[in-house]
Amino acid sequence: MNWVWVLLIIFWTGGFAWAADNVRTALRNRHERKLQLLEAAKEERLAVEAANRPPEPVCGCTHHLAKHDKQGRCHERVEVPTAWDENKKPLRYEADQCNCQQYVGPQPLSQVFAEDLTDLA
Ligand SMILES: [Zn+2]
Ligand SMILES: [Zn+2]
């Protein structure tokens, strides 16, 4: 009758180890899922924050709206190459005004609403 007990014990310990292994794996998976969820929530929060922030009023010429006058011309000083070597690499630069003709970046909200739509004068 002894071998029945041996078989039972082997079966029982083996089954127990298998079950414990499964529980361990399940716990690890759940932990990873939780981490992924936290990560996703963080990304979502960052995206919402970015969407709520007004866009930087920066023109296509890379200069800030403040550098542009009422006509839209950019007054930022830029370095313009005036001499090139045989490899078309600029050798000398000269300070010049940015030749941007019109501000094309996003308008700050305050300015959009402050703009006069009708000329009463
Ligand atoms: Zn510019
Ligand atoms: Zn510009």
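The values are calculated or read from the model by the stated rules, or taken from the named source; none is laboratory data. Just so it is clear, the model here is predicted, and its values are computed rather than measured. Note: ideal-geometry Cβ built from the backbone for every residue, glycine included; neighbour counts use all protein chains shown.
Scanning the stretch 1-35 for residues that are at pLDDT 90 or above and of a type in the set (S, T, N, Q) turns up THR25, ASN29. Does ARG73 satisfy being under 13 Å from VAL104 (Cβ atoms) and either among the aromatic types (Phe, Trp, Tyr) or within 16 Å of ligand 2 (Cβ to nearest atom) (or both)? Spelling it out, ARG73 is indeed under 13 Å from VAL104 (Cβ atoms) and either among the aromatic types (Phe, Trp, Tyr) or within 16 Å of ligand 2 (Cβ to nearest atom) (or both).
Matching residues to (1) touching a strand residue (DSSP E or B) at 6+ places or on another chain (Cβ under 6 Å); (2) part of a loop (DSSP other than H, G, I, E, B); (3) loosely packed, with under 10 Cβ neighbours inside 10 Å:
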position: ARG30; (1), (2), (3): no, no, no
position: LEU35; (1), (2), (3): no, no, no
position: GLU39; (1), (2), (3): no, no, no
position: LYS42; (1), (2), (3): no, no, no
position: ARG45; (1), (2), (3): no, no, no
position: ALA50; (1), (2), (3): no, no, yes
position: GLU56; (1), (2), (3): no, yes, no
position: THR62; (1), (2), (3): no, yes, no
position: GLN71; (1), (2), (3): no, yes, yes
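Taken over the stretch 80-105, the criterion of being within 16 Å of ligand 1 (Cβ to nearest atom) and in a loop (DSSP other than H, G, I, E, B) is satisfied by CYS98, ASN99, CYS100, GLN101, GLN102, TYR103, VAL104, GLY105. Of all residues in the stretch 41-60, count the ones that are away from ligand 2 (no atom under 16 Å from the Cβ), among the hydrophobic types (A, V, I, L, M, F, W, C) and within 30 Å of GLY72 (Cα to Cα). Of the residues in the stretch 41-60, 2 are away from ligand 2 (no atom under 16 Å from the Cβ), among the hydrophobic types (A, V, I, L, M, F, W, C) and within 30 Å of GLY72 (Cα to Cα). For the stretch 57-73, the tally of residues that are more than 9 Å from ligand 1 (Cβ to nearest atom) and either on the phi > 0 side of the Ramachandran plot or not β-branched (Val, Ile, Thr) (or both) stands at 7.
Note on the stretch 76-94: residues that are surrounded by 12 or more Cβ atoms within 10 Å (Cβ to Cβ) and either over 28 Å from GLN107 (Cβ atoms) or of a type outside the set (D, E, K, R) (or both) amount to 5.
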